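**Q** This structure is in structure tokens; I'll ask about it shortly.
The values are calculated or read from the model by the stated rules, or taken from the named source; none is laboratory data. Here the structure is a predicted model, which is why all the values come from computation and not from measurement. All Cβ positions, glycine included, derive from the backbone under ideal geometry; neighbour counts span all protein chains shown. Just so you know, the surface numbers come from the protein's heavy atoms only, side chains and all, with ligands and any DNA or RNA stripped out. Shrake-Rupley method; radii C 1.70, N 1.55, O 1.52, S 1.80 Å.
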Amino acid sequence: MRIGVPAEIKVHEYRVGLTPGSVAELVAAGHEVVVQARAGAGIGFHDRDYQRAGATIAADAASVYRAADLIVKVKEPQPAEYPLLRAGQILFTYLHLAADRRQADALMACGVSAIAYETVTAPGGGLPLLAPMSEVAGRMAVQVGAKCLEKEAGGIGKLLGGVPGVAPAKVVVLGGGTAGATVLENSVNRLRWLADRFGSGLRVVMANAQTIHEYVVEADLVIGAVLVPGAAAPKLVSREMVREMRDGSVVVDVAIDQGGCFETSRPTTHDAPTYVEEGVVHYCVTNMPGAVAHTSALALNNATLPFVKALAARGLAALSDDPHLAAGLNVYKGSITHAAVAGALGYPHNRFPAAA
């Protein structure tokens, strides 16, 4: 199969769908790989590295999309890329369609088969292609939250860890996933796991309307890390709660790709990552891991390469072979094939391969 790797064009997105190491494995398996010029240059993967791995270098994105049967990206196609996609092509990338009706409509209109990293599942449960970026975003959330608490960033001027004799900032995490201080979670099993894993260094609290209000309004930093696979994130924190927080407090919405879990959240970019709403600093960058693109690209490729190999070898037949990969299919022949995405958008749900 001919595999295409376009350069990412989202603001300050330097990750790349396939590293030279991944390309070498695909070429060794008999596939052709076409990489857009300078697609990985921002993180130290140069065209010569891809050529040594066996890839062909294409001058522009249009050439990559025209040549390839399978497109491997990192972030969702941007509007300028919609016209480059075509019927019969497979797109493998993060999509987050539940919060992006425009993109969903474009993918349905062009007839591409779109497989979303974030809804591929694992035999033992979990989301193996979302997990590495969630781990990155989780580590970054505390880091950027600490920076936003600084006075020149609009924050209240607190040092996250405090100093002897001065209390540290109060940190609350909504959702006990890999972004996890106090953690509010609505799964008893997850609360037990967190308590066993972190002991007395972490306070775990059952999440409900009362506890969320109680802890959020007293926090200096709130990290939203809730996830409903494929669906829009639930709005756990209302505007009224944000208004009750102290001026200069900070919220970091890791769930913003799925619409965000704060009512006051709206997507931002690495160019302008924060804004102040109701006196509270909001950090809502939709591609947080792009800030540490070298680490993120390698971690993502470690997870995605086995699935890319399967798609390259078998095309869409690989979905029939592997129900966990099939769970990643969001769009097929103009229809939404993922139940949570269809529900979030209010569109009919057509199962693969029965989609029209």
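**Q** Can you list the helices (runs of 4 or more DSSP H) found entirely within the range 275-339 that contain at least 1 residues being over 30 Å from Gly44 (Cα atoms) and in contact with a Phe, Trp or Tyr (Cβ under 8 Å, 6 or more places away or on another chain)?
**A** Output list reads 317-321, 323-326.
**Q** Do we find that Val74 is under 18 Å from the mean Cα position of the chain (by Cα) and within 19 Å of Val33 (Cα to Cα) in this structure? Reasoning before the result, please.
**A** On the way: under 18 Å from the mean Cα position of the chain (by Cα): yes; within 19 Å of Val33 (Cα to Cα): yes.
Taking the combined requirement at face value, the residue satisfies it.
**Q** What residue, of Ala339, Ala356, is open to solvent by 30 Å² or more (accessible area, probe 1.4 Å) and modelled with pLDDT under 95? Let's see the steps before the verdict.
**A** Values: Ala339 fails: modelled with pLDDT under 95.
Criteria check complete, one pass: Ala356.
**Q** List the pairs whose first member sits in the range 52-68 and is closer than 19 Å to Thr19 by Cβ, whose second member is assigned to a loop (DSSP other than H, G, I, E, B), and whose Cβ atoms are under 6 Å apart, counting only residues at least 6 apart or on separate chains?
**A** Filtered contacts from the range 52-68: Ile57/Ala37; Ala61/Pro6; Val64/Pro6.
**Q** Does the range 261-282 contain any residue that is among the aromatic types (Phe, Trp, Tyr) and in contact with a Pro (Cβ under 6 Å, 6 or more places away or on another chain)?
**A** no
**Q** Note down all Cβ pairs under 7 Å where the first residue falls in the range 69-85 and is more than 12 Å from Ala114 (Cβ to Cβ) and at pLDDT 95 or above, the second is open to solvent by 50 Å² or more (accessible area, probe 1.4 Å) and in a strand (DSSP E or B), and they're at least six residues apart or on different chains.
**A** Sorted first by the residue in the range 69-85, then by its partner, the pairs are Asp69/Arg2.
**Q** Inspect the range 235-250 for any residue being of a type in the set (Val, Ile, Thr), open to solvent by 10 Å² or more (accessible area, probe 1.4 Å) and in contact with a Ser or Thr (Cβ under 9 Å, 6 or more places away or on another chain) and give the result as yes or no. First the steps, then the outcome.
**A** Filtering the range 235-250 down to residues of a type in the set (Val, Ile, Thr) leaves 237, 242, 250.
Next, only the ones that are open to solvent by 10 Å² or more (accessible area, probe 1.4 Å) stay: none.
There is no residue in the range 235-250 that is of a type in the set (Val, Ile, Thr), open to solvent by 10 Å² or more (accessible area, probe 1.4 Å) and in contact with a Ser or Thr (Cβ under 9 Å, 6 or more places away or on another chain).
**Q** Of all residues in the range 57-72 being touching a Lys or Arg at 6+ places or on another chain (Cβ under 9 Å) and of a type outside the set (A, V, I, L, M), which is surrounded by the most Cβ atoms within 10 Å (Cβ to Cβ)?
**A** Tyr65
**Q** Out of the range 251-264, which residues are surrounded by 24 or more Cβ atoms within 10 Å (Cβ to Cβ) and of a type outside the set (Asp, Glu)?
**A** Within the range 251-264, the subset surrounded by 24 or more Cβ atoms within 10 Å (Cβ to Cβ) is 251-258, 260-262.
Listed by number, the residues that qualify are Val251, Val252, Val254, Ala255, Ile256, Gln258, Gly260, Cys261, Phe262.
**Q** Find the residue count for the range 98-129, including only residues that are within 18 Å of Glu81 (Cβ to Cβ) and assigned to a loop (DSSP other than H, G, I, E, B).
**A** Number satisfying all stated conditions: 3.
**Q** Within the range 158-202, how many residues are at pLDDT 70 or above and closer than 18 Å to Gly138 by Cα?
**A** The number of residues fulfilling the criteria is 9.
**Q** Restricting attention to the range 142-157, and to residues there that are modelled with pLDDT of 95 or more and under 19 Å from Val237 (Cβ atoms), which single residue is farthest from the chain's Cα centre (by Cα)?
**A** Ile156
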